[in-house]
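Below is one structure, written out as structure tokens; the observations come after it.
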Amino acid sequence: MARDTPASASAAPDAARVSMAQVAARAGVSGQTVSRVVNGSPRVDPATRARVEAAMAELGYRPHRAARALRTGRSHTIGLVVTTLATIGNSRMLQATAEAAAERGYALTVVTASEGVEAAFAQLADQGVDGAVVLNEASALVPSAPRPPGLRLVVVDAPAETGAIVVHSDHAGGSAAATAHLLSLGHATVHHLAGPADSFA
């Protein structure tokens, strides 16, 4: 027969969470200093920052993402919009974006534009992301798609004006370098095996 779980038992994991006050006590600083370190404020002496970060590591402190979002108005989450992850280019860009985000303390939310980019933007806005990256095939859909006010975008390889920050890969330069390399090896002809005709890349 099933038994009800006591409230104290269900609360146990939260009770084990290390607090900022504990980190402050271990590092010998104020709680405000710990808060500044957690939120990436430049107003912390490098030696003090190192001491606080060492205390965090020793105690296993993890910032409470939801609480920080309420306090700062930022979720420290980035959205990634793709049409598919089945292609090598998209999957490798996902890996690179995830690694870069993690290095800066950001989480990554991936949304596929199966129902259109507008729906993907709305989903990311509902999740309160700080910004979004749009990859490759999905980039072509951005110019015609309305987006929620305040949603900051970086669009990769957009074929038209998007009204957002755009990052272009140097496909022409890369192709020229590869061709020159093959010709320098003595090959008389270099053939081009093209991708999908509707691919901007």
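The values are calculated or read from the model by the stated rules, or taken from the named source; none is laboratory data. Please read all numbers here as calculations on a predicted model, not as lab measurements. Here the Cβ is made from the backbone with ideal geometry for all residues, glycine too, and neighbour counts use every protein chain on show.
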*Output the number of residues of segment 35-59 satisfying the condition of being touching a residue at least 40 places away in the same chain (Cβ under 8 Å) and in a helix (DSSP H, G or I).*
1
*Kindly indicate whether Ser41 is over 29 Å from Leu141 (Cα atoms), at pLDDT below 85 and not assigned by TED's automatic domain parsing to the domain that holds Val134.*
yes
*What number of residues within segment 81-124 satisfy the criterion of being closer than 27 Å to Asn39 by Cβ and either assigned by TED's automatic domain parsing to the domain that holds Val38 or in contact (Cβ under 8 Å) with a residue 60 or more places away in the chain (or both)?*
1
*Given the structure, is Asp170 of a type in the set (D, E, K, R) and at pLDDT 85 or above?*
yes
*Residue selected from segment 141-157 under the condition assigned to a strand (DSSP E or B) and either hydroxyl-bearing (Ser, Thr, Tyr) or touching a helix residue (DSSP H, G or I) at 6+ places or on another chain (Cβ under 9 Å) (or both), by the criterion farthest from Val117 (Cα to Cα)*: Val156
_Given the criteria free of Cβ contacts under 8 Å to residues at least 40 places away in the same chain and either among the aromatic types (Phe, Trp, Tyr) or not in a loop (DSSP other than H, G, I, E, B) (or both), does Thr179 qualify?_
yes
*asked:* Looking at Glu137 and the list (1) in a helix (DSSP H, G or I); (2) farther than 21 Å from Arg92 by Cβ, which single condition is not satisfied?
replied: (2)
*When the residues of segment 120-177 are filtered to those that are among the β-branched types (Val, Ile, Thr) and under 14 Å from Phe200 (Cα atoms), which remaining residue is surrounded by the most Cβ atoms within 10 Å (Cβ to Cβ)?*
Val134
